Amino acid sequence: MVPDRRTIPILAVVAICTLPHFLNVAPWVVVACLLLWSYTLAAVRRNWTLPGRLSRGTLAGILSVLTMTTHEGFTIEAFVALLALMISLKLLENTSTRDRMITVILCYFLLVGGLFFDDSIIATAYMMFAVLCTTAVMIHINQGKRGLLAPLKLSVRLMIQAVPIMLIMFLLFPRIQGGLWGRTPVNSGRTGFSNEISFGAIARLAENHEVAFRIEFNGEAPAREQLYWRGIVLSEFDGSTWRRGNDRVKTVPSLQETRQQITYTLTLEPHNEHWLITLDLPMRVSFRRAWLLGDHTLYSWRRISQRISYVGESSLDAKTFGQEREWKKGLQLPEEGNPRTRELAASWTRETEDPEEIMQMALTYFQEQAFVYTLNPGTLDIGTKGETTGAKDLIDRFLFDSRKGFCEHYACSFAFLMRAAGIPARIVAGYQGGTVNRYGGYLVVRQSDAHAWCEVWLPAQGWVRVDPTAAVAPERLQSNATNALPAGEMISAWSFFRAGPLADWLEPMASAWDLLNSRWNRWVMGYSVAEQLDLFSRLGFHLNGQKNLAKRLGIFLAAALPLLLLAGFLISRRKKEAEDKVASYWMDFCQKLADIGLARPPEQGPRDYMRDILKHRPDLELSIREIVSLYISLRYGRQAKDEDVRHLRILVKNFTPQKRRVR
Amino acid sequence: MKNPVSFISGAIRKRLKINKRTPLPIKLRHRYLYILPTRHGLVFFAILLAILIGAINHNNNLGFILTFLLGGISFVSIFHTFRNLSGLTLLSARAIPVFVGQTASFAICVENSGPPRASLCFNFRNREQTIFDLAAGEKQTITVPHATAERGLLRPDILSVSTTYPLGLFRCWSLLYLDAQCLVYPRPVSGPTITAHGLTKDDNEGKSGGPGVDDFAGLKNYQPGDPLQHLSWKSFSRGQGLQRKVFEGQAGETIYFDLDALPGQDLEWKLSRICHMILQAEAHRMAYGLRTGNHLIEPALGGRHKRSCLRRLALIGQGEG
């Protein structure tokens, strides 16, 4: 079996459809695909004999087993990898139209896998491009000729004609809240902090500029220093890592003395964790599948694997006292470790018993000692004096030796100091600040805005937010982490674009692009049940209550079927119009003559008709001859030129025979 | 049931009682055309359904977009496929006579008054396909092979005119019982040449001999159908017009093939034998006559004579003669 040159366009389409998956599948799959493609290409070029059925089958078996063992379970990644490999293998078996068609149809299926990983504008545009190419190759398979240009043109035409159908179906097809059954998890690394924090956890995010969420405020946005975005609360410490803990208080403590309330719409990018982000402190949130916990965080029972949008209401100045259990948990410390830190805290408690004063002493300590806010704190495993003191005394070494750290170093040490001094404290992880989009007026918070701070329980005020980072680097609250860091520490493309000489040019473009993405996410990718019900009510169908799925299905069918038929009618009608123009001008001409009493007998052709008319009206000879001869050449001649058709129209329009006067 | 499409189309045909022969020319319009998904189309729709279910389950709007885009493309392709065939005109169909067992080639003249058409597929039932393209306004004659099983006037089987262009997901087709025919001569069977001289003297009396190939007897004006080998090019070059050399066979050498003179009972076998003898005589340029029952074809030579003899053989016992 020798390969066919017609395999090459198919190979190209397979590559186009597989490329976006290379980021998500195991590296060896990428290599295997590339090898198979190169082999196919070489086999076509050099006319190699292709491997037989047995070797192909064996290879398919080996590849399937490898895929299943190297990917964790039957996830979408595994499915995509398997499909990509099998299609690439199928290229070696491309002898009949049937093989080619199946390969190309499977390419469409491969495209779908990409939708689970990325639904940005660029991903959508790429998908459209891939559909265009795949359809063109499908046409190429079904035509006898060789060229690819004509199939591409026809493919564009088919797509343009299909777009209105797509839009109508997209808007009207009934959406189901929550889907049909469970979802296959997508394992690809979603970024964001996890449910535990140790030194270096947030510094790792500092160079990640992916959007974490976007917020639109109803009304005035609060001051930047107040934009603390609450994610999770960590209150268990084992000596090196702060954890969320399993003991959760479900009773939500009531907020007291709230004066400044803020309402906002937050669109959260998927992070594959359970928590929702809210402005500190949240009061209520319009997301039904999440509940508010005692530590004022929001917990969703499903992992957030899709972009979600919710309206939140928060209070900027509320007081919360919480439950006794809660603040007792805020005193937990490991039995031993970090003796110097404990000694420092003990020295403060000997001076005063007022927790507020102790808190101030701690902040003053951070301000007065030579602490540096930096992304690169260096390793803390080895003390300055060279002795290895084990992993348990990291806080000691940070506070007394290195004194270089990012926000989590300060938050963790501060919380430890407070606990050691007998003041309940906990760590809050989330985001701080954000960038206002200059066109959209909304706020964009990126992963690089991730932040950790503390909450301290004071008997008179309840839980109070304390941000030790602000004591060390007050600039952090004024702008983002990048600008608060020492010069030269963030030399990445991003910081160059953000702060370099091109910044003034690029910033508006970046803002516009983000606005476009935000609108796309909100209106196109976020179109769901609520939006559909809204659309239906605008169209005059007011559907309320739970059981409206059947009704929506009914509307969909009732609207879609006639529209589809109309579309089909329009498509099949188009060419006929051009064909019949000449006839309609001829009819006009005959009608004009009929009006003066010279109707054409139905059996008469144009020549005989002309001869008969000229017998009666020789005075009209010139114009009639011109029209009839042009009509004959258009109707019966080889090719009808557009300009001749236009000329006929003008001649007929200007032809105004008068009735002969009776003398 | 080999092919679901042909099964269904057969059923439709039975139901609509389309057994009447269609006279040509015929313009393929809605009532002659059927359209259904191909097997690839069914696979495509199965995959589309899978994508749709995935999109519903994951509430993935990009999945919906892809499903509806592909659905839209395939829907639109129905009309493109339909338009690729609709309005095609079959002007005429004729075929050169062949011998039994040979493939009859129907030359079908098609005219395209509409937009360009691609990958049109013509075939008689269970025979190979002829695939061709037609430019806008083009007229083309295509040959479609047809099997021959017995001598006589072959009335063609159902002609399937179909296309799956552009996407191969739908097949639009028309089934036509063309009102055309092809003459099928008997299959030549070799054997000894048996001639019959037993003709009455009266038949030859007063003539100097039947027309033969041996002796040059003079020139005659050319008439269409005369053998080209006998054209007198010399006199033509002298400006005397087209003339034909006339030969005379010697009296005893005029051969007749007589169906009844052949031994044996099997008519078809006897026809096959005579068919072979005629071809032999023609090859050896020997004038021959043919007698079948009480029908006589005078001895002669040349393509026209051969064809009329073979035609006679082909149509014996078929009510047309």
Antiparallel as a % of all DSSP beta bridges within chain A, to the nearest 5? 95 percent
For the stretch A:574-654, count the residues as N, evaluate 2.2 N^0.38 Å, and divide the Cα radius of gyration by that value, please. 1.07
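Return the calculated 222 nm mean residue ellipticity for the protein assembly as shown, to the nearest 500 deg cm²/dmol, obtained by summing -39500 (n - 2.57) across DSSP H runs with n ≥ 4 and dividing by the residue count. Can you show the working numbers first?
On the way: 27 runs with 404 residues, N = 984.
Roughly -13500 deg cm²/dmol at 222 nm, from the helical runs in the protein assembly as shown.
Taking each pair of distinct Cα atoms in the stretch B:4-185 once, what is the resulting Kirkwood hydrodynamic radius in Å?
Numbers: mean 1/r = 0.0556 Å⁻¹.
This gives a value of 18.0 Å.
Could you line up A:CYS412, A:CYS590, B:CYS309 from fewest to most neighbouring Cβ atoms inside 10 Å?
Details: A:CYS412 27, A:CYS590 17, B:CYS309 24.
Ranking A:CYS412, A:CYS590, B:CYS309 by Cβ neighbours within 10 Å, fewest first, gives A:CYS590, B:CYS309, A:CYS412.
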The stretch A:222-297 to the stretch B:276-317: how many Å between their Cα centroids? 106 Å
Local charge sum around B:LEU259 (other residues, Cβ-Cβ under 11 Å, Lys/Arg +1, Asp/Glu -1)? +2
Put +1 on the Cβ of each Lys and Arg and -1 on the Cβ of each Asp and Glu in the protein assembly as shown; which of B:THR193, A:PRO9, A:VAL582 then has its Cα farthest toward the positive end of the dipole? B:THR193
Averaged over its residues, how many other protein chain Cβ atoms are within 10 Å of peptide B:30-42's Cβ atoms? 1
Using alpha carbons only, how many degrees (0 to 90, rounded to 10) separate the axis of helix A:121-142 from the longest principal axis of chain A? 40 degrees
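Counting other Cβ atoms within 10 Å, keep those with at most 11, restrict to DSSP loop, and tell me which chymotrypsin sites (Phe, Trp or Tyr not before Pro) in the stretch A:577-636 are left. Working shown, then result.
Details: sites: A:TYR585, A:TRP586, A:PHE589, A:TYR609, A:TYR631, A:TYR636; in loops: none.
The qualifying sites: there are none.
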Taking the 0 to 90 degree range and rounding to the nearest ten, how far is the long axis of helix A:76-90 tilted relative to the main principal axis of chain A, both from C-alpha atoms? 40 degrees
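Under 8 Å for C-alpha pairs, at least 6 residues apart: give me the relative contact order for the stretch A:193-264, rounded to a whole percent. List each step's numbers first, then the result.
Details: 44 pairs, mean separation 30.0, N = 72.
After rounding, I find 42 percent.
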Among A:VAL645, B:VAL110, rank each residue by its count of other Cβ atoms within 10 Å, from fewest to most, as a rough exposure measure. A:VAL645, B:VAL110
How many nm is it between the label spots at A:ARG340 and A:ARG302, if each spot is 7 Å from the Cα in line with the beta carbon? 5.1 nm
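Quick one: compute a quarter of the convex hull surface over the Cα atoms of the protein assembly as shown and quote it in nm².
On the way: hull surface 274.3 nm².
The orientation-averaged projected area of the Cα hull of the protein assembly as shown comes to 68.6 nm².
What area, in nm² and to one decimal, does the C-alpha convex hull of the stretch B:88-162 cast on average over all directions? List each step's numbers first, then the result.
Working: hull surface 18.8 nm².
Mean shadow area of the hull around the Cα atoms is 4.7 nm².
Relative contact order of the stretch B:4-185, please, whole-number percent, based on alpha carbon pairs below 8 angstrom and at least 6 residues apart. Let's see the in-between values first.
Details: 372 pairs, mean separation 49.4, N = 182.
Answer for the stretch B:4-185 is 27 percent.
Counting other Cβ atoms within 10 Å of each Cβ, which chymotrypsin sites (Phe, Trp or Tyr not before Pro) in the stretch A:23-89 have at most 14 and sit in a DSSP loop?
Values: sites: A:TRP28, A:TRP37, A:TYR39, A:TRP48, A:PHE74, A:PHE79; in loops: A:TRP48, A:PHE74.
Those that pass, being in a loop and sparsely packed, are A:TRP48, A:PHE74.
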May I ask for the angle, rounded to the nearest 10°, between helix A:7-18 and the longest principal axis of chain A, with both axes built from Cα atoms and the value confined to 0 to 90°? 40 degrees
If you take all C-alpha pairs in the stretch A:7-172, what percent of them are over 23 Å apart? 42 percent
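Run the dipole for the stretch B:4-185 about the Cα centre, Lys and Arg Cβ at +1, Asp and Glu Cβ at -1, nothing else charged, and hand back the magnitude in debye, nearest 20. Numbers along the way, then the final one.
On the way: 19 positive and 7 negative charges, 137 e Å.
The calculation lands at about 660 debye.
Report relative contact order for chain A in percent, whole number only (criteria: Cα-Cα under 8 Å, sequence separation at least 6). Mind dumping the intermediate values first?
Values: 931 pairs, mean separation 79.5, N = 663.
Reported relative contact order: 12 percent.
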Magnitude of the Cβ-charge dipole (Lys and Arg +1, Asp and Glu -1) of chain A about the Cα centre, nearest 20 debye, reported as 5180 debye
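Here, each number is a calculation from the coordinates, and none is a lab measurement. This structure is a prediction, so every number in the text was calculated from the model and none was measured. Note: ideal-geometry Cβ built from the backbone for every residue, glycine included; neighbour counts use all protein chains shown.
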